[in-house]
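Please read the structure below before turning to the comments.
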């Protein structure tokens, strides 16, 4: 490879070009010290204006951009063509190339007639331009030729350098955490994984041999490399000596077994290595213009679009110190590429927080979405703040147009890197490929969607952050893929969505090692019926063997649900499979002709114990559900829902505790054993194995509380167990002074613990307090009382936690993603447990969760480490303080005992249906079904969880009831376009919530 690069360089770069590159490098100094000379205004780039007369005899390579002669008008009118993408590409490509080449031919004729000592090196139809070798002394004459719009130096381009780069683990189970913050997993479950789509990049290259990228390179599936890899130096296999391009491509499509780092992990990729290559391989503007032409038709056949990328990610830009603000060098090339159906996504730049700091051409604002620039948010910050480095608007074109268009996660993004490794990198270069990968998913949904439709959908559906409305830090907000999908025109062909699945051996729904398990999918055929549906599954996990990989679903009506229960897939796990792990299963759906309709993905949790049970306690003040594998809660919004009440004050009957779980770590390494949320939505890290059935004691002499539940478990399901056994005692009380209190004691035995070992003991809590469980609240830490609490003053609802036998070591308040729950990686959990940081509190109303921790040095005696906690609920801070005082005194003087009892769950006696139509403009219908007459309240909440409307409140009969809502708030004003939630409350005690969208 090194010899290939060296030969390529020698063939391209002559001694004369070396001199030219030296001259270009001196241009800023020449411009600084040379006198200004008379020129025709606007015909020469500002970087050519002040070249010293002493350089007149030197030759320089410049780009001559011609007046478009109607080419741009043709490009902009493409949205009015009533053709398929394939036909539009063919006709528009041919016409654009013909008009542009005619324009170039006229210029070449004028150049010959002028007797200018200039040579045409190559021309570019993509933007009506020519690369010219000319003496410096003749620049003014060249710019003065008829039809010339402007002349610019063929300067070197640079990538947008990352802000930080750090090492990352070689393998991470499941999907990367940031992918869930934008709703990528929701599209995966709908069968959108990038299958059949192509993403492209103009970057430093891509390491084609990287295990996360190699199988997805389009060069593997086509004859020859030229339609999948463009290199001005002539290499025939993708390489990347920098690492930047490998990282951005991984963010788009990376997949290594079950290690999912890419958003569109089933898409193919192509790339042009035309930015800041390193190893002496410098690229110039002419190289990237050549890449634009290549991307427009990679295989050289305009009659096909199977080779044409759906999106190009541009994580590069020219600083305004080199090109003037709003420079239009690339505008025509971008417009022409997008008119051919290829969405162009640009990183905003890392020159923030200064205003008007976007790079060229991301600063362009000639139209509502041109260029489509992406800023970065810090998704690790509790308030989802814009990253400090992210370039800010407004556009330097008019000093007023809002920039960037949208934002995406851009801090500490893990992806592939050169050398077959992985790195965690921050920058808008990491945010842009997230948006580019999203484009591939949206185009998979409707292959005929235009570039404009896709950009508009992403832009209009973004979740507003920061100041109300669009601003020059966040643009229109954080991308929301599920909301964007709702704005894409539906396709004409069917699309198969996975609604649910069942995996079990017939005796239970537990997928255990060595078992042979049937897998049944419940699917819906959206938008059209299908006569004969087939599916095939693929599992990359080395410990799984697919015995039956295909299944028949039969005929499905449009929007009808069906399954393969009569023809299940069959899977067997080996004995070596890790219990509690997540196993991705990829599915391809086929029609009767064997044509792929779309793909999908599910993740199956394996290895749950038969001893695992749930038990609901009640003492007249609240209801509480406890398990015997490290958790409390398991309500509707839990990562491991069990159809029970998590924690509900009797006065309100709202479930205010989606999640509460034990976390244990050591100071020896970064291992964490826990039962909390993972990197996969609705799936917790069940590291704890229930070793025996739950035991309960009620009102026994000598018992600790009025009711005590005992759970016994170990962390043997963890990937790397710490070797701990746990006894958990959960107690509630009928004493009036303790009835608003729960006391839980954990006795943790380090089976292999040594004297001096440091243990961190903590809990993840997610309380939803607004309107008795609406999802937003505030949180704080009381330093004097050494306890944390959540509160909602509007509802007079406070809940807090205090350690009863140890001081608090750390307390982190963390945000959930808008409209959902944030996910956590193992490394994030360890950092939060062990940092020792204590957040004093947050004032912003949003949906938070928190992690509180203590630490203890083990004495090696064989005794258990004990930690007691009190959870108190009240109507004020003073209620909590009083409750904690009583709990502390009680805990430190009492003992306990044992016995056994069964568990219980609550029945379901109403259903809430999805509104129709959705999205809607003027009005929508919300219907529900009641098993018996009762009181129903229907509330509408915005994305921040604030109540904005109440379409229904009153007594309703049994049966189906329909309510029409006009999209107006409580004052009668029309609500703005966006995502909202509607919640039905039945008899003041039970509720359910769904999402709707308003589109004006």
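Annotations for the structure displayed:
- Just one residue in the set 410, 437 is touching a strand residue (DSSP E or B) at 6+ places or on another chain (Cβ under 6 Å), under 21 Å from residue 183 (Cα atoms) and in the same structural domain as residue 249 (by TED's automatic domain parsing); that residue is 410.
- Members of region 361-388 found to be at pLDDT 90 or above and either closer than 30 Å to residue 777 by Cβ or surrounded by fewer than 24 Cβ atoms within 10 Å (Cβ to Cβ) (or both), listed by number: 375, 376, 377, 386, 387, 388
- Meeting the requirement of 2 or more residues that are modelled with pLDDT of 85 or more, under 26 Å from the mean Cα position of the chain (by Cα) and in the same structural domain as residue 516 (by TED's automatic domain parsing), the strands (runs of 3 or more DSSP E) wholly within region 552-625 are 582-590, 596-605.
- Screening residue 649 on (1) modelled with pLDDT of 75 or more; (2) within 20 Å of residue 870 (Cα to Cα); (3) crowded, with 24+ Cβ neighbours inside 10 Å shows it passes everything except condition (3).
- Subset of region 309-322 [surrounded by fewer than 24 Cβ atoms within 10 Å (Cβ to Cβ) and assigned to a loop (DSSP other than H, G, I, E, B)]: 319, 320, 321, 322
- Scanning region 463-476 for residues that are touching a helix residue (DSSP H, G or I) at 6+ places or on another chain (Cβ under 9 Å) and closer than 20 Å to residue 975 by Cβ turns up 463, 476.
- Condition met for residue 122 (loosely packed, with under 14 Cβ neighbours inside 10 Å and in a strand (DSSP E or B)): yes
- Complete set of residues in region 372-424 that are in a loop (DSSP other than H, G, I, E, B) and closer than 29 Å to residue 211 by Cα: 378, 379, 380, 410, 411, 412
- Failed item, numbered, when residue 674 is tested on (1) modelled with pLDDT of 90 or more; (2) within 30 Å of residue 796 (Cβ to Cβ): (2)
- Residue 264 vs. criteria closer than 30 Å to residue 602 by Cβ, in contact with a strand residue (DSSP E or B) (Cβ under 6 Å, 6 or more places away or on another chain), part of a loop (DSSP other than H, G, I, E, B) and not assigned by TED's automatic domain parsing to the domain that holds residue 45: no
- Scanning region 687-711 for residues that are within 30 Å of residue 668 (Cα to Cα) and surrounded by fewer than 20 Cβ atoms within 10 Å (Cβ to Cβ) turns up 691, 692.
- Test for residue 533: is it assigned to a strand (DSSP E or B) and within 21 Å of residue 185 (Cβ to Cβ): no
- When region 435-483 is filtered for residues that are without any contact (Cβ under 8 Å) to a residue 40 or more places away in the chain and assigned to a loop (DSSP other than H, G, I, E, B), the ones remaining, listed by number, are 467, 468, 469.
- Residue count, region 386-414 (criterion: farther than 20 Å from residue 323 by Cβ and in contact (Cβ under 8 Å) with a residue 12 or more places away in the chain): 16
- Strands (runs of 3 or more DSSP E) (entirely within region 847-965) containing at least 1 residues that are at pLDDT 90 or above and outside the structural domain of residue 804 (by TED's automatic domain parsing): 924-930, 934-941, 947-956, 959-965
- Only one of 473, 451, 461 that is at negative phi, under 16 Å from the mean Cα position of the chain (by Cα) and assigned by TED's automatic domain parsing to the domain that holds residue 191: 461
- Being part of a helix (DSSP H, G or I), in contact (Cβ under 8 Å) with a residue 24 or more places away in the chain, in contact with a strand residue (DSSP E or B) (Cβ under 8 Å, 6 or more places away or on another chain) and crowded, with 20+ Cβ neighbours inside 10 Å is a description that applies to residue 107.
- Scanning region 243-261 for residues that are modelled with pLDDT under 90 and on the phi < 0 side of the Ramachandran plot turns up 255, 256, 258, 259, 260, 261.
- The criterion of being crowded, with 21+ Cβ neighbours inside 10 Å and farther than 23 Å from residue 309 by Cβ holds for residue 535.
- Exactly one residue among 228, 267 is touching a residue at least 12 places away in the same chain (Cβ under 8 Å) and over 22 Å from the mean Cα position of the chain (by Cα), and that residue is 228.
- Tally of residues being out of contact with any strand residue (DSSP E or B) (no Cβ under 9 Å at 6 or more places or on another chain) and farther than 19 Å from residue 198 by Cα across region 440-469: 5
The values are calculated or read from the model by the stated rules, or taken from the named source; none is laboratory data. Since we're looking at a predicted model, the values are computed, not measured. For neighbour counting, all protein chains shown are included, and Cβ atoms are generated from backbone atoms with ideal geometry for every residue, glycine included.
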